[in-house]
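Engineer: The structure under discussion is supplied below as structure tokens; questions concerning it will follow.
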Amino acid sequence: SLQILYTHSINQLSRWLGSFPEEFILADPWLCIARAHVHWSSGRRDQLEPYITSAEKGLSNWIASGEMNKDSMETRVLQGEICTFQSLLETTKGRYEAALELAQRALQIIPNSARHRVFALGSLYMTCQTSGEIDQGIDTARQAVTAARSLNYPSMHSTAAYTLALLLRIKGKLRQAQQVLMEALAYMEQQNQAHLFYNGILHIGMAETLYEWNRLDEMESEVHAGLELLRQGGQSILI
């Protein structure tokens, strides 16, 4: 169950989940979290809440029945995933203080060695971005880029680097934004992962930065490269 969310693409995960009856998914906290990832990544964010509520209830039942040890790594990761999604839900409702608290709680719970931690950092920088806490967002996005590299989480690496560049542009730091994107693209090339559709968002970020300098021919080239990659994935996953 620890591997379920990160060994399949979102499209594969969605098809796999479609083979289960809905009541079966709602009865299993990990399947609820998997469904939440599909909905979040596919833009169906208004459908998240029932799965997070069921995941929280199911985890409590598993701990009470002894099916899960409350102190195990798997339990901590699952608790952290629930907190992360609760944070994202609070952000979508404009309740930023609660969202920040939940994201920080997720980071306290999830072990440093778990890839799920990068997703929690993503929820934190998204809340910072939405609530106008730009400096904290920049710091958190930097942490997310570093963690995504060390924990081999390419989709979050690309989206964190894109967000970091966006936040730097908000602060007027265009050169730094360009450097972040160039380093991210070079890193993915070194990892032989430049072909992954997630990297399309890095090219889009580069185009947005070039636009600020009115370098329109170069911008057009980056837009084309970005859209070509994103189309391969059939969707744009931003967190």
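The values are calculated or read from the model by the stated rules, or taken from the named source; none is laboratory data. The structure presented is a predicted model; accordingly, all values stated were derived computationally and were not measured. Positions of Cβ are generated from backbone atoms using ideal geometry, with glycine treated the same way; all protein chains shown enter the neighbour counts. All accessible areas refer to the heavy atoms of the entire protein, side chains included, with ligands and DNA or RNA removed. Shrake-Rupley method; radii C 1.70, N 1.55, O 1.52, S 1.80 Å.
Engineer: For the chain, with all protein chains present and a 1.4 Å probe, just round the carbon and sulfur fraction of the accessible area to a whole percent.
Structural biologist: Heavy-atom surface of the chain belonging to carbon and sulfur, 1.4 Å probe: 48 percent.
Engineer: Using only the Cα atoms of the range 118-226, build the gyration tensor, take square roots of its eigenvalues as a ≥ b ≥ c, and label the shape rounded, prolate or oblate: rounded if a/c is under 1.5, else prolate if a/b is larger than b/c, else oblate.
Structural biologist: Here the range 118-226 falls in the oblate category.
Engineer: Here is a further query. How large is the dipole of the chain about the Cα centre if only Lys and Arg carry +1 and Asp and Glu carry -1, each at its Cβ, rounded to the nearest 20 debye?
Structural biologist: Here the chain has a charge dipole of around 200 debye.
Engineer: Which residue, Pro154, Met219, Gly43, has the largest displacement toward the positive end of the dipole of the chain when charges sit on each Cβ (Lys, Arg +1; Asp, Glu -1)?
Structural biologist: Farthest towards the positive end: Pro154.
Engineer: Work from the charge dipole of the chain (Cβ charges, +1 for Lys and Arg, -1 for Asp and Glu, about the Cα centre) and give the residue of Cys83, Leu202, Asn112 farthest towards its positive end.
Structural biologist: Of the options given, the answer is Asn112.
Engineer: Now, a different point. To one decimal place, what Kirkwood hydrodynamic radius in Å is obtained for the range 28-151 from all pairs of distinct Cα atoms?
Structural biologist: For the range 28-151, the Kirkwood estimate is 14.5 Å.
Engineer: What's the ranking of 55-64, 196-205 by average number of surrounding C-beta atoms within 10 Å, highest first?
Structural biologist: Output ranking for 55-64, 196-205: 196-205, 55-64.
Engineer: Let me ask another. Under 1.5 on a/c is rounded, so check that first for the range 134-190, then, if it is not, pick prolate when a/b is larger than b/c and oblate when it is not; a ≥ b ≥ c are the square roots of the alpha carbon gyration tensor eigenvalues.
Structural biologist: Judged from the Cα gyration tensor, the range 134-190 comes out oblate (a/c at least 1.5, b/c at or above a/b).
Engineer: A follow-up question, please. Please compute the alpha carbon radius of gyration of the range 192-235, then divide it by the globular-protein estimate 2.2 N^0.38 Å. Two decimals is fine.
Structural biologist: After normalising by residue count via 2.2 N^0.38 Å, the value is 1.13.
Engineer: Using a probe radius of 1.4 Å on heavy atoms only, what accessible surface per residue do you get for the range 139-221? Whole Å² is fine.
Structural biologist: Counting only protein heavy atoms, the per-residue value for the range 139-221 is 48 Å².
Engineer: Please list log₁₀ I(q)/I(0) at q = 0.07, 0.13, 0.18 Å⁻¹ for the chain, using the Debye equation with identical point scatterers on the alpha-carbon positions.
Structural biologist: Debye output, listed in q order: -0.23, -0.79, -1.40.
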